[in-house]
Each structure stands twice: as structure tokens, then as C-alpha cells.
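What follows is a set of notes on a single structure, which appears directly below.
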Amino acid sequence: MTIKHAMVLAAGLGTRMRPITDTTPKPLVKIAGRPMIDYVLDVLVAAGVETIVVNVHHHADQMLAHLATRKDAEILISDEQAQLMNSGGGLAKGLKLLPSGPVLVMNADLFWIGETPGKATNLQKLAALFDAENMDMALLCVDIDHTTGHNGKKDFNLADDGHLTRYNEGEPRPVVYAGAIAMDTRLLDDAPDDAFNLNIYFDRAIAQNRLFGLSLDGEWITVGTPDAIEDAEQTIASRAFQA
């Protein structure tokens, strides 16, 4: 199944990236010469996505100007300049701009490189895995030894059958949430209109055995602070050299 609609969560303040984010929104911080959000938009387009909602708040004028330069997908704006909606509230608001049905969701500041050429992409595999009858969400996850810039925190345990549970040190296969979701927009039909954290829906899905995961192919990169930029660029350079 090809999922043709997506949302990118891009409205955060990027406080840990100060002083860079005093003048630049975090999604536009450049890594190896490219804004972070472009890595995200690229993998969505490569997976067959045609329409992408992006929410904006911090330095929204810069975000709008940059997004207007992208011509490879239709980009719709969910405006949060008046009120930040947190991850869940922002997603619920933005999804109202899309038709009901399957959707991919990504964070604007988490991306990956080094997928296996000639194989289905991570997002294509995530879309193929997602089954709305048996799942609330399918999350892209990554083993800790394939991360750059991560603080070492583990989020979930990934079972052999794909089920995800909250991380427990005594259970096998600890993984990090890689910031990409396949889901159906109707999952958030009952969402509140105010700000809330998406973890509420993760925990609800776990309680009903309806949260699943897929292991990422490649190297996952997160840039949370200015001093993490160098590590990210070194990883990108090393992967390019290997290719």
C-alpha cells in the first residue's frame, strides 16, 4: 500500500538548539548544507507521498518561505502561531486538512540516511506493515547502535511479532522511536481540541496490543543541541564515502 498523505510536526521552539534557534527555526537548521526538514520531506516524497501538511509556529515566516520552494509535493500549512498544540494536539489539528484514511507522520528534526539501494524504503515498508484493522499505529524504530546524536534513552521493546511495549530493562530488543508513524487519521477523531501529548495514544494502543514497530534500515540521526551538528555531519560524510 502506498500512503499518499503525510504530516510533518515542525512547530516546536527548539529551545535546546539555542542560540541558533533564536534566529532560525529548528527544522531549517542546516546539517551538511541542507535544512533538516528537507531530509524529512525527501524521504516522504521518495515513499510516494503527494500531499504533506506541515505545522508552523516558531519563525513561521522563514518556514513558509522555505516550504514554498518545494515543488515535489503539495504542502499545506497548519498554522499554530496563535497557540502551540504539542505533538498530539498539533497532529490532530493538522490532520483535519487531509482526507480520512492512512497517513504518514514524521518529526521535522529526526531523519535517517543509508537505506539499502534497490530495496523498499523505510517508509514504504512502514506503510506496507500498517493494518488499520489490527493496529492503531505502526512506528519506525531503531536499535541504539544505529543512532547518531541520541542520548541513550530507550523508548520501547520490540517483540518478534512486531508488538511494541514501553521499555523494560528486563525485556529483549530495546529500541528507540525514530519519529515516523503510519496510522489512520480516524484514530484522532476523538482527540481534544487543545494541546496534548501524543504519548497518550501510544499508551492507549499498547494497552490494547495495537502498537506495532518496524526496525529502521540505515543510520538514524537526531540533532538536539548545537554541538550535535558536527557528529551528524561526520555520520553523513562517512556514509557518503562508503557509498
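The values are calculated or read from the model by the stated rules, or taken from the named source; none is laboratory data. None of the values given here were measured: they were computed from a predicted structure. Backbone-built Cβ (ideal geometry, glycine too); neighbour counts: all protein chains shown.
Only one of GLY224, GLY162, GLY218 is surrounded by fewer than 20 Cβ atoms within 10 Å (Cβ to Cβ), in contact with a His (Cβ under 9 Å, 6 or more places away or on another chain) and over 21 Å from LEU44 (Cβ atoms); which? None of the others qualify; the one that does is GLY224. When ALA60 is tested against (1) surrounded by fewer than 16 Cβ atoms within 10 Å (Cβ to Cβ); (2) over 23 Å from ALA138 (Cβ atoms); (3) small (Gly, Ala, Ser), exactly one condition is not met: (1). Out of the stretch 54-67, which residues are aliphatic (A, V, I, L, M) and either under 13 Å from PRO35 (Cβ atoms) or touching a Phe, Trp or Tyr at 6+ places or on another chain (Cβ under 8 Å) (or both)? Answer for the stretch 54-67, where residues must be aliphatic (A, V, I, L, M) and either under 13 Å from PRO35 (Cβ atoms) or touching a Phe, Trp or Tyr at 6+ places or on another chain (Cβ under 8 Å) (or both): VAL54, MET63, ALA65, LEU67. In the stretch 160-178, of all residues being charged (D, E, K, R) and in contact with a strand residue (DSSP E or B) (Cβ under 6 Å, 6 or more places away or on another chain), the one that is farthest from MET137 (Cα to Cα) corresponds to GLU171.
Say whether the condition of being touching a Ser or Thr at 6+ places or on another chain (Cβ under 6 Å) and surrounded by 18 or more Cβ atoms within 10 Å (Cβ to Cβ) is met by at least one residue in the stretch 181-190. Yes, there is a match, as at least one residue in the stretch 181-190 is touching a Ser or Thr at 6+ places or on another chain (Cβ under 6 Å) and surrounded by 18 or more Cβ atoms within 10 Å (Cβ to Cβ).
Conditions tested, residue by residue: (1) closer than 12 Å to LEU216 by Cβ; (2) of a type outside the set (S, T, N, Q); (3) under 17 Å from the mean Cα position of the chain (by Cα).
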| residue | (1), (2), (3) |
| --- | --- |
| ALA127 | no, yes, yes |
| GLY149 | no, yes, yes |
| ASP161 | no, yes, no |
| ARG166 | no, yes, no |
| VAL176 | yes, yes, yes |
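Is it the case, given these coordinates, that ILE37 is farther than 23 Å from SER238 by Cα, in contact with a Leu (Cβ under 7 Å, 6 or more places away or on another chain) and outside any loop (DSSP other than H, G, I, E, B)? So ILE37 does not fit the description; no. Could you count how many residues in the stretch 91-104 are surrounded by fewer than 24 Cβ atoms within 10 Å (Cβ to Cβ) and assigned to a strand (DSSP E or B)? Within the stretch 91-104, residues that are surrounded by fewer than 24 Cβ atoms within 10 Å (Cβ to Cβ) and assigned to a strand (DSSP E or B) number 1. Does the stretch 72-89 contain any residue that is at pLDDT below 95, crowded, with 19+ Cβ neighbours inside 10 Å, under 23 Å from GLY14 (Cβ atoms) and of a type in the set (D, E, K, R)? Yes, the conditions are met somewhere in the stretch 72-89. For the stretch 71-90, a residue qualifies if it is within 24 Å of ASP42 (Cβ to Cβ) and either part of a loop (DSSP other than H, G, I, E, B) or of a type in the set (Gly, Ala, Ser) (or both), and the qualifying residues are LYS71, ASP72, ALA73, SER78, GLU80, SER87, GLY90.
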